[in-house]
1. Would you point out which residue out of A:Ser288, A:Ser279 is polar (S, T, N, Q) and buried (at least 16 other Cβ atoms within 10 Å of the Cβ)?
2. Mind checking which helices (runs of 4 or more DSSP H) fall wholly inside region A:166-274 and carry at least 2 residues that are buried (at least 17 other Cβ atoms within 10 Å of the Cβ), within 12 Å of chain B (Cβ to nearest Cβ) and touching a Ser or Thr at 6+ places or on another chain (Cβ under 6 Å)?
3. Given the criterion at pLDDT 95 or above and either at positive phi or facing another protein chain (nearest Cβ under 8 Å) (or both), identify the matching residue among B:Val83, B:Val74, B:Val108, B:Val70.
4. Exactly one of (1) without any contact (Cβ under 8 Å) to a residue 40 or more places away in the chain; (2) closer than 20 Å to B:Tyr214 by Cα; (3) assigned to a loop (DSSP other than H, G, I, E, B) is unmet by B:Asn127. Its number?
5. Within region A:150-164, is even one residue within 16 Å of A:Glu243 (Cα to Cα) and of a type in the set (A, V, I, L, M)?
6. Filter region B:1-27 down to residues that are within 8 Å of chain A (Cβ to nearest Cβ) and among the small types (Gly, Ala, Ser), then give me how many there are.
7. Name the pairs whose Cβ atoms lie under 7 Å apart, with the first residue in region A:17-39 and over 21 Å from B:Trp137 (Cα atoms), the second in a helix (DSSP H, G or I), and 6 or more positions between them or separate chains?
8. Select, from B:Lys3, B:Lys48, the only residue that is of a type in the set (Lys, Arg) and more than 30 Å from A:Val103 (Cβ to Cβ).
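The values are calculated or read from the model by the stated rules, or taken from the named source; none is laboratory data. This one's a predicted model, so the numbers in the text were calculated from it and none came from an experiment. Reconstructed Cβ throughout: ideal geometry from the backbone, glycine too, with neighbour counts over all protein chains shown.
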Amino acid sequence: MLKYKSSLAKPEKNLNRSSVWAYIFCAPFIIGYFLFSLFPIMYSFFISFFDWNGVGDKLFVGVKNYITIFTRDPLFYKSLTNTLLIMLMSTPVEIILGMLLAVVLFNMKKGKSFFQTANFLPYITTPVAIGFIFAYLFDWNNGYVNLVLIKIGILHEGIYWLQEPATARMVVALMIIWKYLGYFMTIYLAGMTSIPEEIYEAAKVDGANPFKTFIKITLPLLKNITAFLLVTSVIGGLQMFDEPSLLYSWGERSYVGGPDNSVLTVVWKFYNDAFKSDSMLGYGSAISFSLFAIIIVFSFISYRISAGKEV
Amino acid sequence: MKKLLIGFIAIVTVLSILPFYLVFMMSTYYSNDLFKGLPFLPSDFLLKNFETIFKTNFIQVYGNSIIVSVSAVVLCTLVSSLVGFAIAKYKFKFKKVINNFIIITMMVPMQISIIGYLLEMKTLHLNNTLLPIILVWVSYPFGAFFMTQFIKDSIADEMIESARIDGCSEPRIFATIVVPLIKPGIATLATLVFLWSWNNYLLPLIIINKQQFYTIPILVSTLGTAHRNDLAARMCALALSIFPVIVVFLLGSKTFIKGISAGAVKG
């Protein structure tokens with residue numbers, strides 16, 4: 001440090017020079033964010049107070065769009081309920097199975113990286129492909145799921161998986177579990193690997209069995225990771241769109257919302273209202289900002305639940 | 001008990017891979033033969049299915065997707081590394097403000113900007129080009145956050161100071177000292193951005209409505225109407241669209257998994 005200062009004739013000038021460069025280095029990010037995110041966000045917010053279809057005149061309606069969403073649009077509540085139901089069916093399974101798989105892998109000596117890579121594949125796959133694969137597997141007539149279940153003798157005739165509200169939600173939840181299980185496992189595995197070896201050694205010396213070690217040591221130390229996974233899946237889950245909409249975009253089954261709108265999610269409704277049926281851009285913007293508010297509330301709640309009171 | 005658990009993970013793994021396997025196998029079949037049983041072994045119809053697909057503008061769309069993903073990766077890693085370098089290694093007045101700004105914007109969902117973005121692009125006459133689906137990646141808050149953390153952890157202040165003493169200019173410090181040292185971080189971010197931009201569905205669905213500018217997810221999702229009866233050809237298109245993603249992932253899977261889990265364990 002001392003050497004550095006003495007070797008420079010004018011340290012202040014040098015500092016100035018480098019702080020100018022810091023601004024130059026930040027500039028592309030800031031300018032880009034303003035142009036392609038912040039400005040569009042403000043513009044969307046502005047539009048959310050208008051009745052506008054994108055071509056005609058804008059009609060200022062104040063907060064009417066927001067009032068309509070929360071008091072006169074039952075489909076909005078339905079879409080929110082659907083989204084939450086599907087999340088409720090998938091997230092706990094992901095957390096429990098993900099943790100269990102991570103424990104198994106953690107204690108494995110051979111083949112760890114093979115299993116990790118193989119199970120991570122669904123996470124990186126194009127959602128379009130997942131939608132199509134599942135639509136095909138659960139097809140009533142030709143789907144392999146019915147085919148196999150009938151062959152084994154569990155079913156006498158095929159189930160209409162994609163035509164009944166309850167099973168439709170189940171299939172969407174399954175898609176999500178299938179996609180994210182490997183990701184949850186990987187994150188838990190990374191968390192377990194970061195727990196110091198000495199803690200486990202000490203537990204062994206004290207005569208704790210593997211089950212007790214897991215409950216008393218591993219589980220509490222993974223609390224932050226569970227919180228992270230829960231909060232991020234709440235944020236991501238409330239924005240669910242790709243999986244349900246792609247499940248129902250194939251040929252003759254191509255209809256919005258699934259059977260009886262049972263898998264219509266908030267973002268799907270947003271997409272539909274803003275760009276498909278009537279192109280109500282103002283109303284669509286209002287839906288997106290309402291969703292943003294809901295996301296903030298739910299991620300705060302889930303953070304509180306999972307991280308405990310001391311945080 | 002142990003055997004039971006290993007059996008369990010084996011089953012889960014099979015379920016993870018099986019759909020991929022089926023898609024790849026089905027793309028080698030003649031459509032009408034598909035339902036004669038489970039297609040576990042390859043058939044000999046792959047080239048014919050290729051022919052069917054290449055009669056559409058599949059190659060052009062494939063090219064579009066590659067252009068979009070490669071540009072997104074280059075722009076995002078460059079811009080993110082620059083801002084990350086500034087925040088990690090410089091002292092300046094608005095450093096804290098910019099850092100907090102990045103963290104807050106990471107939580108903002110993309111839907112709230114999408115309508116404004118569409119109208120902005122229409123006004124600039126950029127809709128129906130590939131630019132709108134590239135430009136969203138320029139300032140990607142996660143990328144900026146990720147590179148800030150990575151540069152903080154992997155470059156010592158002394159290195160930069162001694163380069164300054166040697167009369168190295170700031171841009172040269174970035175190009176010749178910082179970039180070579182953060183290659184693993186760049187690789188992880190590049191893999192992520194490649195996957196995300198390749199798989200992106202909602203934005204191109206909304207912005208693009210000319211077929212010549214379609215990306216792979218949009219084309220594949222509309223193949224259903226064009227090739228309703230040729231299921232095998234659709235499977236083949238699907239296989240081709242998943243293929244590069246799997247290659248990119250397998251090439252970088254070690255650093256990639258490390259990078260993606262580092263964020264969670266630290267945060």
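1. Of A:Ser288, A:Ser279, the one residue that is polar (S, T, N, Q) and buried (at least 16 other Cβ atoms within 10 Å of the Cβ) is A:Ser288.
2. Numbers: elements: A:197-205, A:210-213, A:223-238, A:242-247, A:266-271.
Here the list reads A:223-238, A:266-271.
3. B:Val83
4. (1)
5. Within region A:150-164, one or more residues are within 16 Å of A:Glu243 (Cα to Cα) and of a type in the set (A, V, I, L, M).
6. Qualifying residue count for the region: 1.
7. Partner pairs satisfying both residue conditions: A:Ser18/B:Glu170; A:Trp21/B:Glu170; A:Ala22/B:Ala86.
8. Values: B:Lys3 fails: more than 30 Å from A:Val103 (Cβ to Cβ).
Checking each option against the conditions leaves just B:Lys48.
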